[in-house]
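No lab work stands behind these numbers, since they all come straight from the coordinates. Worth saying up front: this structure is predicted, and the values here are computed from it rather than measured. Cβ placement follows ideal geometry from the backbone for every residue including glycine, while neighbour counts extend to all protein chains displayed.
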Amino acid sequence: MKDNNDVILNTVDDGSKAHPWRKCSIGKHLVREHIVHVHPSKTHPDGKVATWHEHCASNPSGKDELSYAEINYISETYFSSLSGLPTAGVLTKIFPKADDYDIEIRGWVKYWNDIFSHADPLNPNVVKALIATESSFDPKPTKYKYVYGLMQITGQTHQYLIGANKELKDYFFRFSTDELKKPSSNISAGVRWLFRKKQTASALLHREASWEETVEDYKAILEKRVHGKPYNPKPMEDFRKYYKLLQGS
């Protein structure tokens with residue numbers, strides 16, 4: 001029996017999956033209505049102001065790209081009806097804002113679980129525990145200059161996510177650094193990056209990585225541990241502590 005969390009995905013010719021929550025098809029991205037200033041020309045010597053209505057614009061990559069506009073559209077349209085994890089009311093004594101982003105965590109974990117269809121789906125509590133250790137649920141942490149948002153996405157990772165350096169083969173984003181800092185964008189991007197780290201961790205271990213090992217790779221710890229190099233164990237100790245609390249164990 002289907003519940004309100006079930007969706008049916010369409011697969012396109014190159015094997016990419018088109019999530020039904022998308023307003024634009026694969027190969028296009030959503031552009032919200034906005035005002036543009038047209039430069040002076042022979043027809044309009046003084047220039048003019050024009051309104052560009054909401055539309056789906058073609059991506060030069062031809063790949064799936066989530067724009068900031070579509071991230072907001074998906075969040076606002078679909079997430080409030082979802083149910084389930086992450087667990088609320090557990091971490092708020094430690095982090096007063098711990099439950100503020102549960103809707104976005106739940107929604108984007110479901111979205112990317114639907115896309116990647118792993119036999120071992122990502123648990124939303126993994127993401128919530130990860131955010132606790134990355135930013136303490138502060139969307140504007142100030143510890144590092146070029147690390148952004150709730151999931152502390154680096155500037156280099158931002159470049160990968162928008163399709164630079166060929167780190168990712170598909171499922172890109174189209175957003176600025178300022179847009180990446182916004183909670184829903186940041187969580188969507190961070191969860192998508194976790195699925196990439198699942199691949200890199202599995203390659204490093206020569207077997208399927210667990211989600212805990214994936215978090216280790218997200219935190220740039222796994223490679224050091226595997227190769228016997230010094231590393232700080234506290235971030236993973238904290239992650240395990242918060243995850244166990246969220247899981248009720």
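Only Lys, Arg, Asp and Glu carry charge here, each on its Cβ (+1 for the first two, -1 for the last two); on that basis the chain has a dipole of about 600 debye about its Cα centre.
Spin-label model, Asp238/Lys143: points 7 Å from Cα along the beta carbon direction are separated by 0.5 nm. Counting neighbouring beta carbons within 10 Å and listing from fewest to most, the residues Thr142, Thr214, Thr133 come out as Thr142, Thr133, Thr214.
For the chain, a Gaussian network of Cα nodes joined below 10 Å ranks Ala69, Ala129, Ala220 by mean-square fluctuation, and the top entry is Ala220.
Packing, taken as the mean count of other beta carbons within 10 Å per residue, orders the peptides 101-109, 166-174 from highest to lowest as 101-109, 166-174.
Given axes a ≥ b ≥ c from the Cα gyration tensor, I'd like to know whether region 122-219 is rounded (a/c under 1.5), prolate (a/b larger than b/c) or oblate. Oblate, since a/c reaches 1.5 and b/c is not below a/b. Considering only alpha-carbon pairs that sit under 8 angstrom and 6 or more positions apart, the relative contact order computed for the chain is 17 percent. Fewest neighbouring Cβ atoms within 10 Å first, the residues Cys56, Cys24 line up as Cys56, Cys24.
Cβ under 10 Å from Leu122's Cβ, Leu122 left aside: what net charge do those residues give with Lys, Arg +1 and Asp, Glu -1? Its environment carries a net charge of +1.
Taking Cα atoms only, the orientation of helix 102-116 departs from the longest principal axis of the chain by about 80 degrees.
Highest mean packing comes first when the peptides 135-141, 195-201, 83-89 are listed by Cβ atoms within 10 Å, giving 195-201, 135-141, 83-89.
Sort Val7, Val31 by Cβ crowding within 10 Å, fewest neighbours at the top. Working shown, then result.
Numbers: Val7 13, Val31 18.
With the fewest neighbours first, Val7, Val31 line up as Val7, Val31.
Classify region 64-247 as rounded, prolate or oblate from the Cα gyration tensor: take a ≥ b ≥ c as the square roots of its eigenvalues, call it rounded if a/c is under 1.5, otherwise prolate when a/b beats b/c and oblate if not. It comes out rounded by the Cα gyration axes.
Computed about the Cα centre, the dipole magnitude for region 126-249 is approximately 100 debye when only Lys and Arg (+1) and Asp and Glu (-1) carry charge, each at its Cβ.
Less than 5 angstrom separates the built amide H of Ala98 from none of the residues sequence-distant by 5 or more or on a different chain.
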